[in-house]
Amino acid sequence: MKALKRTHIIILLLCLIPLLIGLVWFIIRYDSLPNPMGIHFGFDEKTHESIFDVIDNKIFGIYPFVAGFGLIGLLSLCGFFVRRVKPSPKVTEKGHSVMQQFVLFIVDANNIIISIYFTVWTYCIIKQEPKPMGQWGKPLAIIWLPMLLLLPICMIVLRIVFSKKRADKKLTEE
């Protein structure tokens, strides 16, 4: 279990490093950024290009960092609490471990996606070049696909674990 905990910490650090680098880069470039500047971008249906749709004071360029660090922090806190949950008497130790690892996998995967998303957003703000959503939105969708496929598989595994526990309990009662 220690190796698993170490893995989660490494993934967390790998998620935070790009945001930290972006924050340092933003601070270094802060004086040279235009004021007001584009801080959010979206798709323009008239020109079919990605454009800045929110222009505001450059201090608001800090928003992606606050949101990115905040979301990663909240998810990591959830992962911390998941590791502290005591197993229910209705669940085997192995079943509890499987559920715990599944939730931690989802937390780690979401942290990776959040890190990528906000790192790209900060890059676009610092460079003042909005990127087409399809250019980096599709890779994020590809990352989510295995997670969506794993969800039903994990539900089946958990169902099997619970049914074995119930069957063992019935045998011991008889």
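The values are calculated or read from the model by the stated rules, or taken from the named source; none is laboratory data. The structure displayed is predicted, hence computed values, not measured ones. All Cβ positions, glycine included, derive from the backbone under ideal geometry; neighbour counts span all protein chains shown.
State which residue pairs qualify: first residue assigned to a loop (DSSP other than H, G, I, E, B) and inside region 1-24, second residue at pLDDT 85 or above and among the charged types (D, E, K, R) in any location, beta carbons under 9 Å apart, and separation of 6 or more residues or different chains.
Matching pairs, first to second residue: none at all.
Of the conditions (1) of a type in the set (Gly, Ala, Ser); (2) exposed (fewer than 15 other Cβ atoms within 10 Å of the Cβ); (3) modelled with pLDDT of 75 or more, residue 134 satisfies every one except a single condition; which number is it?
Residue 134 satisfies every listed condition except (3).
If I ask for residues that are closer than 19 Å to residue 82 by Cβ and in contact with an Asp or Glu (Cβ under 6 Å, 6 or more places away or on another chain), which ones from region 9-38 would you list?
Listed by number, the list holds a single entry, 11.
Considering region 73-106 alone, what residues qualify as being without any contact (Cβ under 8 Å) to a residue 40 or more places away in the chain, touching a helix residue (DSSP H, G or I) at 6+ places or on another chain (Cβ under 6 Å) and of a type in the set (A, V, I, L, M)?
75, 82, 103
Let's see how each residue does on (1) farther than 30 Å from residue 22 by Cα; (2) of a type outside the set (Ser, Thr, Tyr); (3) surrounded by fewer than 17 Cβ atoms within 10 Å (Cβ to Cβ); (4) modelled with pLDDT of 65 or more:
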{"residue": "76", "(1), (2), (3), (4)": "no, no, no, yes"}
{"residue": "87", "(1), (2), (3), (4)": "yes, yes, yes, yes"}
{"residue": "95", "(1), (2), (3), (4)": "yes, yes, no, yes"}
{"residue": "99", "(1), (2), (3), (4)": "yes, yes, no, yes"}
{"residue": "106", "(1), (2), (3), (4)": "no, yes, no, yes"}
{"residue": "109", "(1), (2), (3), (4)": "no, yes, no, yes"}
{"residue": "114", "(1), (2), (3), (4)": "no, yes, no, yes"}
{"residue": "118", "(1), (2), (3), (4)": "no, yes, no, yes"}
